[in-house]
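Report on the following structure.
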Amino acid sequence: AVERTLSIVKPDAVAKNVIGQIYTRFEAAGLKIVAAKLKQLSRAEAEGFYAVHKERPFFNALVDFMVSGPVMIQVLEGEGAVAKNRELMGATDPKKADKGTIRADFADSIDANAVHGSDSAENAAIEIAYFFASSEVYGR
Ligand code: CMP
């Protein structure tokens, strides 16, 4: 089915100037960018976005990192977009990510891991609504 997923190019990858290289991978895989914004997250916004991880030991480091610079946030649309984006990203820990994935090629550590992608269609809907009004998403 045609799905949507939320993708974030994290501060490390924005700072490395590889937004375009990452977008090229989405497009080459048949994913269409149907909404996008470059944004400096506030602490409250980053904490709210990652609220499910609030009790995890890495929560504070994750929030510190996500507010360390602007992020590029986009909605990707396409056949099986959630799984397709996760395949393109590779494992959360870049040391475990398959060769040729975004994280293997651009990420430095489990924190500075270049990209975020929704893990399910349900969470994608929640994450998309967190950053975009429906009027800002230009899908089919
Ligand atoms: P992301 O997909 O954005 O979701 C939560 C983030 O927490 C994850 O990517 C990692 O960058 C970060 N993180 C740091 N440590 C861990 C960990 N041990 N397990 C999962 N995620 C972690």
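Where a number appears in this text, it was derived from the coordinates with a stated rule and is not lab data. Keep in mind it's a predicted model, so treat the numbers as computed, not measured. Cβ placement follows ideal geometry from the backbone for every residue including glycine, while neighbour counts extend to all protein chains displayed.
The magnitude of the dipole of the chain, with charges of +1 and -1 set on the Cβ of Lys/Arg and Asp/Glu and taken from the Cα centre, is near 220 debye.
Site pair Ala51 and Ala83 shows an inter-label distance of 2.9 nm when each label is modelled 7 Å from Cα along Cα→Cβ. Across region 14-28, rounded Karplus estimates of 3J(HN,Hα) from the backbone phi angles (6.51 cos²θ - 1.76 cosθ + 1.60, θ = phi - 60°) give 4, 5, 7, 6, 10, 4, x, 5, 6, 4, 4, 5, 4, 5, 5 Hz, Gly and Pro being marked x. Since only Val9, Pro70, Tyr23 are under comparison, the one whose Cα sits farthest along the positive direction of the charge dipole of the chain, derived from C-beta charges on Lys, Arg, Asp and Glu, is Tyr23. The simple spin-label model puts a point 7 Å past each Cα toward its Cβ; for Tyr138 and Asp108 those points are separated by 3.4 nm.
Expressed as a fraction of 2.2 N^0.38 Å, the value expected for a compact globular protein of N residues, the C-alpha radius of gyration of the chain is 0.97. Each other residue within a Cβ distance under 13 Å of Ala81 adds +1 if Lys or Arg and -1 if Asp or Glu, for a net charge of -2. For chymotrypsin sites (Phe, Trp or Tyr not before Pro), the sites in region 29-81 that DSSP calls loop and that have at most 14 other Cβ atoms within 10 Å are Phe58.
Label sites at Gln40 and Ala125, each approximated as a point 7 angstrom past Cα along Cα to Cβ, lie 3.5 nm apart. For the residue pairs Lys39/Lys96; Lys54/Lys96; Lys16/Lys37; Lys54/Lys84; Lys10/Lys84, the C-alpha atoms sit more than 21 angstrom apart in Lys39/Lys96; Lys54/Lys96; Lys54/Lys84.
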